[in-house]
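What follows is a set of notes on a single structure, which appears directly below.
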Amino acid sequence: MRLRIRHQTSYRYAVPANRAIQILRLTPRGHDGQFVVNWRIDVDQDCRLDASVDAFGDIIHTFTVDGPLEGLDIVAEGEVETQDTNGVIQGQVERLPAVVFLRDTALTKPNAAIRGLADEARSTAGANQVDILHTVMNSLRDRLEFRVEQTDSGTTAAEALTLGRGVCQDFTHIFLAAVRHLGIPARYVSGYLFHEDKPDDQEAGHAWAEALVDDLGWVAFDPANGISATEAYVRVAVGLDYLGAAPVRGARYGGGDETMQVAIVINKSVRRMSQHQAAP
């Protein structure tokens, strides 16, 4: 599947800001099942985008803009070709040892309820890691309702499970906390999910998890939807939690109150046939 993606983040400030600093994880990487055809990032202010690669291998762009700034628009767009690999991630350079992905963070620290959920899944599924991971994933869908505007970027896995509601970020944090408790390395993934029936006007990207499975390698699990990743998923960045893989993070000086809007459009892209490919 070839997908064309446009991701716009718009900031508006109540009073002009003196300066803004942004860190962007908006550029997907290639691996088996994902080929980046073209990609670009545009900022509506005069600035220089500095590119680097973090410890996880994510492509990062940073920039600083001096004010006065009434607002700021950041657009990332391009085309990506994907193939269904049954969720298995191969051909990706791994920069860190697996033990790093057993580390708890403030957002993924398990409480008694999460540990109980994980232990119950292991007891039900037996010794097979894939069965355990699917059982954890399905258990979350039984205990957590997908609801927007109930949590925020600072909501922890324990808080979301107690609340019983959340978004893909919350499902993913609970999944990470549970499977790490079971000794399975796992990481947070940020990216995009193409919805056939709703390609326009998504207000956020998507988040899911990858777990390291014996004899298979890293395998993607989407606890919010109860499936492994398919060709409809575009993988952008990984981290230990949301904060380590957030598409856009930054700081500003001045500006008073701030509003942020996100608009994401994902469509299937139709390839143009060359003269040699054209049917007679």
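The values are calculated or read from the model by the stated rules, or taken from the named source; none is laboratory data. On a predicted model such as this, the values are computed, not experimentally measured, just so you know. Don't worry about glycine lacking a Cβ; one is built from the backbone with ideal geometry, like all the others, and counts go over all protein chains shown.
Going by the conditions given, is Val234 farther than 21 Å from Leu140 by Cβ and either outside any loop (DSSP other than H, G, I, E, B) or touching an Asp or Glu at 6+ places or on another chain (Cβ under 6 Å) (or both)? Taking the combined requirement at face value, the residue satisfies it.
Going through (1) crowded, with 20+ Cβ neighbours inside 10 Å; (2) within 20 Å of Ala246 (Cα to Cα) one by one, Ala106 falls short only on (1). The sole residue among Gly205, Gly166, Gly126, Gly226 that is out of contact with any Pro (no Cβ under 8 Å at 6 or more places or on another chain), modelled with pLDDT under 95 and crowded, with 19+ Cβ neighbours inside 10 Å is Gly166.
Please find, within the stretch 41-77, the residue that is surrounded by the fewest Cβ atoms within 10 Å (Cβ to Cβ) out of those that are in a loop (DSSP other than H, G, I, E, B) and under 18 Å from the mean Cα position of the chain (by Cα). It would help to see each step written out before you state the result.
Looking only at the stretch 41-77, we keep the residues that are in a loop (DSSP other than H, G, I, E, B), and these are 44-49, 54-58.
Of the ones still in play, those that are also under 18 Å from the mean Cα position of the chain (by Cα) are 54-58.
Details: Asp54: 16, Ala55: 10, Phe56: 20, Gly57: 14, Asp58: 21.
The residue in question is Ala55.
Pairs meeting the criteria (first residue in the stretch 239-267 and touching a residue at least 24 places away in the same chain (Cβ under 8 Å) and over 20 Å from Gly71 (Cβ atoms), second residue aromatic (Phe, Trp, Tyr) and part of a strand (DSSP E or B), beta carbons under 6 Å, at least 6 apart or on different chains) are Gly239/Tyr188; Asp241/Tyr188; Ala245/Tyr188; Ile266/Tyr192.
Which of the residues belonging to the stretch 97-149 are free of Cβ contacts under 8 Å to residues at least 12 places away in the same chain and assigned to a loop (DSSP other than H, G, I, E, B)? Hits for the stretch 97-149 are Pro97, Gly126, Ala127, Asn128, Glu149.
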